[in-house]
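Below is one structure, written out as structure tokens, with a few remarks after it.
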Amino acid sequence: MKTKQIIKRLPPFTLSIIVTLAVLYLTLVPKPLPDNDIEWFEGADKVVHAIMMLGVTGCLGIDYLRRYGKRETNAPAMLIIVFVLSTGVFGGLIEVAQGWMNLGRGEDLNDFIADCIGALAGGFLSLVLWQPVHRWFWGKKKLS
């Protein structure tokens, strides 16, 4: 079975739910990954935060395209803005929860800023890639 067919058969918003649950696990569990001897560069944590929120926003866009995108040949800019804002709020709530849960992971304003940057990047990519992904997914000719 082709990748496209597998993606089409998934229940609505499955990708977003999976990515959101993974982000919650990685950000709220005290030690979600085993220790390793890899030396990370300073600020690597912020890059990871941005990538996670880019993934959440991007999956929201992909899932919307899968569910409703057949008739939406142009990116729904206002909806993507809502996705970006809600992902930013999600990142902020994670930071608050980290401080509140007191599990060795504290809230960090710089993590929240990285979350917002990632959400914005995901929104930008959703806008830019909407038509190419629409053509690939729905098999339409180039849109004007």
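Over the Cα atoms of segment 1-55, compute the convex hull volume and normalise it per residue, giving Å³.
Measuring per residue, one finds 133 Å³ for the Cα hull of segment 1-55.
Explain nothing, just the number: relative contact order of the chain, from Cα pairs under 8 Å at least 6 residues apart, as a whole percent. Could the numbers behind the result be given before it?
Values: 149 pairs, mean separation 46.8, N = 144.
That works out to 32 percent.
Taking a cut-off of 19 Å between Cα atoms, list the aspartates and glutamates near K8, but don't count ones fewer than 8 places away on the same chain.
D63, E72
Regarding segment 35-98, what whole-number volume in Å³ per residue does the convex hull of its Cα atoms give? Display every interim value, and only then the final one.
Details: hull volume 8.3 nm³, N = 64.
Enclosed volume per residue, from the Cα hull, is 129 Å³.
About the Cα centre of segment 1-115, what is the dipole size in debye to 20, counting +1 per Lys and Arg Cβ and -1 per Asp and Glu Cβ, all else neutral? Kindly include the intermediate steps, with their values, before the conclusion.
Working: 11 positive and 12 negative charges, 245 e Å.
Dipole size: approximately 1180 debye.
Straight-line reach only, C-alpha to C-alpha below 16 angstrom: list the aspartates and glutamates that K46 could link to, leaving out same-chain residues fewer than 8 apart.
Correct list for K46: E95, E107, D108, D111, D115.
Evaluate the chain: find the radius of gyration of its Cα atoms, find its Kirkwood radius, and give the ratio Rg to Rh.
My calculation of the ratio gives 1.03.
Take the alpha carbon atoms of segment 1-55, find their center, do the same for segment 80-144, and report the distance between the two centers in whole angstrom.
12
Find me the longest stretch of the chain that has none of the exposed trypsin sites (Lys or Arg not before Pro), where exposed means in a DSSP loop (not H, G, I, E or B) with at most 11 other Cβ atoms within 10 Å. List each step's numbers first, then the result.
Numbers: sites that count: K2, K141, K142.
Answer - 3-140.
So if a site counts as exposed when it's one of the chymotrypsin sites (Phe, Trp or Tyr not before Pro), its DSSP state isn't H, G, I, E or B, and it has at most 16 other Cβ atoms within 10 Å, what's the longest stretch of the chain without one?
Details: sites that count: F13, W40, F41.
Longest stretch, sites excluded: 42-144.
No lab work stands behind these numbers, since they all come straight from the coordinates. Note that the structure is a prediction, hence the values are computed from the model and not measured. Please note: Cβ atoms are built from the backbone with ideal geometry, for glycine as well, and neighbour counts cover all protein chains shown.
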